[in-house]
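To start, the structure itself, in structure tokens.
No lab work stands behind these numbers, since they all come straight from the coordinates. Everything numeric in this text was worked out from a predicted model, so none of it was measured. Because the Cβ atoms are built from the backbone with ideal geometry, glycine has one as well, and the counts that use them run over all protein chains shown.
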Amino acid sequence: MNAPTLPPAAPRRPAEPLWLEWLTLCGGLAFCTWLLGVRGVWALLLGADPTGLTLIIIAVFLCSTLWCGQRSRELQRQRLLLAQPLQARIGERNWAADYEAALRCDAGTAADLLLELSHGPHGTAWWVNGIQLKLGLLGKVIGFSMLALTIGRMQSFDPAQSQELLRSLTAGLGVALLTTMVGLVGNILLGLQLTRLDRFADALVADIQRTALPLVQGEPWRPSARPAGADPV
């Protein structure tokens, strides 16, 4: 009986400039940050939020963006290592070598190992991305609570105190709206970066598995492992 034949390996796609894409995004964000500072938007945001939630959201977004830069650099490094000949990769610590070593022992474990290396850290990053949105909603709740407490303390309407009353009411409303807006913007921008990292990691996993197909002897070819949580076809 003839051994099952493996499908021919598809030509390797050229390495995408993921690191340069992140640097371009950071350049755009830096320009927007400078422009908002010149317009006085940052002073308005930080001064109108006595709770400090706006500053916390900005700090979370900044740290997460720096992590995305480090992750994009690592993913591109692994992609460049895969594109090199096998002799040039000897002695290098790379995911393809770990996958090929595990594949000789257990194909199922090798797939799990590769998915953990390529996508594992992204789960925590997506959780942090959701934290930004939740902090914005928390600021909204606090702002409306301040607004409700101010109205609840009103015994009677005194026209002489209307200016002070309006200032107290707008303070709570400003906290509610500004923190929600900052949380939404941070969630969108970080989600854009994480989605790009996930797609690049998906392509990298497919290329690594395609490269290692000749190591599977006596077994029919199987498609790449489906990421956890995906619906079966």
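Binning the alpha carbon pair distances of the stretch 18-215 at 10 angstrom intervals from zero yields the distribution 8, 26, 23, 17, 12, 8, 4, 2, 0, expressed in whole percent. Here the calculated FRET efficiency for T124 and D98, from their Cβ-Cβ distance with R0 = 22 Å, stands at 0.60, rounded to the nearest 0.05. Take the Cβ-Cβ distance between T109 and L80 as r, set R0 to 25 Å, and report the resulting FRET efficiency rounded to the nearest 0.05. For R0 = 25 Å, the calculated efficiency reads 0.45. Note on L20 and V185: with the Förster distance fixed at 25 Å, the Cβ-Cβ geometry gives a FRET efficiency of about 0.55. What nm distance separates the two modelled labels at R39 and E116, each placed 7 Å from Cα along Cα→Cβ? Going from the R39 label point to the E116 one covers 4.7 nm.
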